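Visitor: The following block contains the structure, expressed as structure tokens.
Values quoted throughout were computed directly from the atomic coordinates according to the rules given, and no laboratory measurement underlies them. This structure is a prediction, so every number in the text was calculated from the model and none was measured. Please note: Cβ atoms are built from the backbone with ideal geometry, for glycine as well, and neighbour counts cover all protein chains shown.
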Amino acid sequence: MELGRSRPFGETPAQRDARSNRRARRLPAAALGAVTTLMVVAVGWPGIASAGIHSMGPAGPGPAPTAQPWLLSRTAPALLPSPVAPAAPAVSTDVYVAPLKHVLPVDVVAVSATTLPAAAVNKVRHLAGVRAVQAVDAARVRVNGRFAAILGVDPSGFRRFAAKPTAKDTAFWRSVEGGGLGLSYEMGKQDKLPTGTPVTVAGRSVHTMRVGKFGTVGIGGVDAVITDRAARALGFPVRNAIVISAPSAHFTKLTREIKKALPHGTQVDQLVVQTGQGTSASSAAGSVQPTTGGLASATVIHAFLEAAVSRLGMPYVWGAAGPTSFDCSGLVQWSFAQAGVVMPRVAADQARTGPSVPVSQLAAGDLLFYHTDPTAPGYISHVAIYLGGGKMIQAPEPGMDVEVVPVDVGNEFAGAVDVSPAVAAQVAATSV
């Protein structure tokens, strides 16, 4: 059994047979109702899912979203009522950041509510297959009143773990080192926060920062990076998380060993899963071929599609996962849940839930994935659901509603996946 990072392309003969037996599955036309034909493929960053946790922050008490599985609510500092934040200082770019020597893939992330002991982190460094480990500060805080998952980093040491275009962008890391908020391209786009915009960042204390350059880290759910100095001023736990690169490791075994090495309660998120075939090759998050499993039955697909179509006209809300508002991957996760299938939360992980499907063999219920982030061109940042007949349903972007549109297979199209419930459950389990 080999390990791989290849895209989820290719399927076994048994899967091809199963696919040929379900070519005729279609959602009844009556279920579609009136649909729009305007095509909008936009990013719905799915890093924060709605839940009923209450926190106190600058916007007052209310339902607070929980973060990406490895940034659980208990890892975030408690948010206090906001004092008046000082004016945002200018972002300095006349600072030193060490040159990039090489880029490393992030395979596993571990997060604790408190500082990870140095001895435990050292154990992880010496596990078989581990190439590099970087300690960071991790928390979810409010940015202009909205929760965001942020890493506090040493730009010189951390940049090698970012998506390649961002890792190579020295100007981005200088803007972070100089006191800027290094926003993901998608957060900047979704929240309309151009470079230079002053924003209020509220953790245990409140600071005003300016948006630096856009740059996507490439780790699902991470919305921004700041310096570890800024993170600690905001009250982040110190070195409570590590990113781990282990490109030649047996990932499932390594994840178990990491959990043993770290304190009880540390959340370990395996970003790469074991493949059933293929060779080892580097790729971006969300394009990893998982262990294969049986494909979803026609009954499951029918229930999934009916659930998705029942949400037509409901608003897009970044980070929402139903039942009355959604982002792109939230719509997929909620709709599959109505059919009894457990899906991971993030589009990049949903792309790992089954074998690839050629466009010529698309069937209703297949998931369609897109690369829409210029700062991380290999990162999967949008997902839609194929309905059949050249149509797809999606939660497009803020200010719009769940809609049915023509399928887009243009230059941002990354591929399609036929979901296997068993594989979906495996990927979801490794993201907890």
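Visitor: So if we plug the beta-carbon distance of Lys259 and Thr324 into 1/(1 + (r/R0)^6) with R0 = 41 Å, what FRET efficiency do we get, rounded to 0.05? Could you put the intermediate results ahead of the total?
Guide: Details: r = 36 Å, r/R0 = 0.88.
Computed FRET efficiency for Lys259 and Thr324: 0.70.
Visitor: What order do you get for 380-389, 257-266 when each peptide is scored by the mean count of other beta carbon atoms within 10 Å, highest first? Please report the intermediate quantities before stating the final value.
Guide: Details: 380-389: 24.9, 257-266: 16.4.
Peptide ranking by packing, descending: 380-389, 257-266.
Visitor: Give Lys123/Lys213; Lys164/Lys189; Lys101/Lys192; Lys101/Lys253; Lys192/Lys259; Lys168/Lys260 a once-over and call out the pairs whose C-alpha atoms are over 27 Å from each other.
Guide: Lys123/Lys213; Lys101/Lys192; Lys101/Lys253; Lys192/Lys259; Lys168/Lys260
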